[in-house]
Amino acid sequence: MKLNSLAFRMFATSAVWTLLALPLAGLLIYSLYREDVQTSFDGQLQKLVIAIDVDSMAATGNEPVAPTNRYEPLFEVSKSGWYWQISPVGDAGGPVLASVSLGNARLTSPYALGYPVDPETNTRWRNDVGPSGERVRIVEILDTLRNDPDGQQYSIIVAGPLEWFETSIVNFRNRLTIALALVGLGLMLVTLFQIRFGLAPLKRVQRALAEIRSGRATRLEGQVPTEIEPLQEELNALIQSNLDIVERARTQVGNLAHALKTPLAVVTNEAREHKGPLGEKVAEQAKIMGDQITHYLDRARMAARVSVIGRSTPVLPVVEPLARALERIYRDKGVSITVTCPEDAKFQGEKQDLEEMLGNLLDNAAKWSRGSVYLSVAVPRRTARPQQRRLKIVVEDDGPGLTSEQRARIGQRGLRLDETKPGSGLGLSIVIELAQSYRGSLGLDESAKGGLLIRLDLPAV
């Protein structure tokens with residue numbers, strides 16, 4: 001996908017949305033899960049501290065009693081991370097009761113450290129470090145003996161290991177990350193498939209237009225999605241309109257040619273019958289007018305042909321007959337024309353225009369050569385875009401060649417550098433005009449074989 005393509009824009013938009021939405025969704029799910037697990041963990045600690053408070057503070061004596069350990073078996077396992085502790089508040093003396101798991105260690109009271117009380121549950125919470133250096137979460141309740149509600153207050157503490165809570169959170173986070181990554185990858189693949197599948201009709205339209213441009217089809221045919229049907233209809237109408245305009249232009253050009261040439265012929269004949277300077281001048285100017293009319297009518301016909309969509313000409317079937325014909329014409333000089341042209345080389349234009357361009361170039365090369373003329377054709381890569389597909393035609397000979405000043409002057413209409421050679425001097429100027437009408441170009445250089453090298457650049461199919 002190219003950066004400026006519709007497919008890339010659609011894929012990039014979907015990818016950006018996916019890369020933003022999934023992490024945000026993951027963060028929200030993770031936060032909700034963490035909050036839920038935290039609530040569940042705190043709820044378990046709160047139930048334990050309430051149960052211990054009820055058991056211990058219901059003692060009939062003057063001191064709390066150790067609760068039974070039916071609430072959490074790990075209270076009996078040394079340094080398990082699950083602890084309970086009952087101790088008097090303040091400076092009042094009294095025994096400190098603790099779970100077997102706590103041993104001789106003691107937990108610091110959140111009340112003694114000034115932690116605020118939760119008004120809804122009348123509890124205090126704190127994260128601390130246990131006897132083995134493990135992180136624990138502490139919940140504390142202040143209460144008095146049931147038979148002495150105004151007596152000594154006691155701190156009832158239950159601690160649970162944060163490792164369990166954090167391990168659960170980390171495991172969920174890892175599983176959530178993997179799941180969302182797989183979902184994201186799946187969405188990317190589905191989006192890519194959706195883009196390819198959705199834009200496939202445009203690929204078919206592109207291939208159909210290439211068929212029209214190359215001359216293998218005249219209309220955009222085939223089933224297309226409903227959204228593209230108006231485009232298909234408009235393109236077919238445009239192609240037909242182009243053909244109609246060209247046909248009308250050809251008709252008008254032909255009519256103009258007949259309308260002008262007949263009066264000019266009459267003027268020329270009348271001028272020749274009147275002997276004298278005036279008659280000669282009129283005949284001379286009439287001939288110039290006839291040449292100009294022919295020239296510009298040819299250009300108009302040429303422009304009409306170039307405007308037609310879908311004209312293509314194989315190059316090799318045009319080059320080989322021209323080469324053989326010129327070898328026969330110049331057989332007295334022993335001219336040999338070597339042609340190197342791929343079979344798949346195709347010119348995007350009319351056959352007669354290609355014949356005229358190559359005929360003029362080969363004739364000029366054969367005329368000036370000492371015996372060898374070379375023509376080579378290079379075709380573009382099939383992967384090149386239509387606007388970049390160009391035929392590179394090179395014609396060179398082993399003749400005397402031209403100086404840089406002569407090469408700069410060459411191509412002027414009617415200019416001849418050597419009057420001893422037959423011809424009108426219009427050959428290269430015609431080639432230049434034809435090449436330019438096809439948005440091509442012609443360049444002159446010095447050949448390694450000693451003569452002139454001509455590079456002709458033309459549109460390819």
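Among the residues of region 195-249, write down those that are touching a residue at least 40 places away in the same chain (Cβ under 8 Å), open to solvent by less than 80 Å² (accessible area, probe 1.4 Å) and either part of a loop (DSSP other than H, G, I, E, B) or basic (Lys, Arg) (or both). Selection gives ARG213, GLY215, ALA217.
Matching residues to (1) closer than 24 Å to ARG124 by Cα; (2) not polar (S, T, N, Q):
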position	(1), (2)
ALA21	no, yes
ARG34	yes, yes
GLY43	yes, yes
SER78	no, no
PRO95	yes, yes
SER99	yes, no
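Filtering VAL373, VAL377 for residues that are buried (at least 20 other Cβ atoms within 10 Å of the Cβ), modelled with pLDDT of 90 or more, in contact with a Pro (Cβ under 8 Å, 6 or more places away or on another chain) and not small (Gly, Ala, Ser) leaves a single hit, VAL377. Residue under question is LYS47, and the condition is that it be at positive phi, more than 60 Å from the chain's Cα centre (by Cα) and open to solvent by 30 Å² or more (accessible area, probe 1.4 Å); does it hold? No, not satisfied. Set side by side, the residues VAL54, VAL49 differ, and just one is touching a residue at least 24 places away in the same chain (Cβ under 8 Å) and either of a type outside the set (Ser, Thr, Tyr) or in contact with a helix residue (DSSP H, G or I) (Cβ under 7 Å, 6 or more places away or on another chain) (or both), which is VAL49. Taking the criterion of being open to solvent by 80 Å² or more (accessible area, probe 1.4 Å) and under 30 Å from ALA435 (Cα atoms), the residues of region 257-284 that qualify are HIS258, LYS261. In region 153-180, the residue that is least open to solvent (accessible area, probe 1.4 Å) out of those that are without any contact (Cβ under 8 Å) to a residue 40 or more places away in the chain and over 28 Å from TYR83 (Cβ atoms) is ALA179.
The values are calculated or read from the model by the stated rules, or taken from the named source; none is laboratory data. A quick note: this is a predicted structure, and the numbers were derived from the prediction, not measured. Because the Cβ atoms are built from the backbone with ideal geometry, glycine has one as well, and the counts that use them run over all protein chains shown. Only protein heavy atoms, including side chains, enter the accessible area calculation; ligands, DNA and RNA are left aside. Shrake-Rupley method; radii C 1.70, N 1.55, O 1.52, S 1.80 Å.
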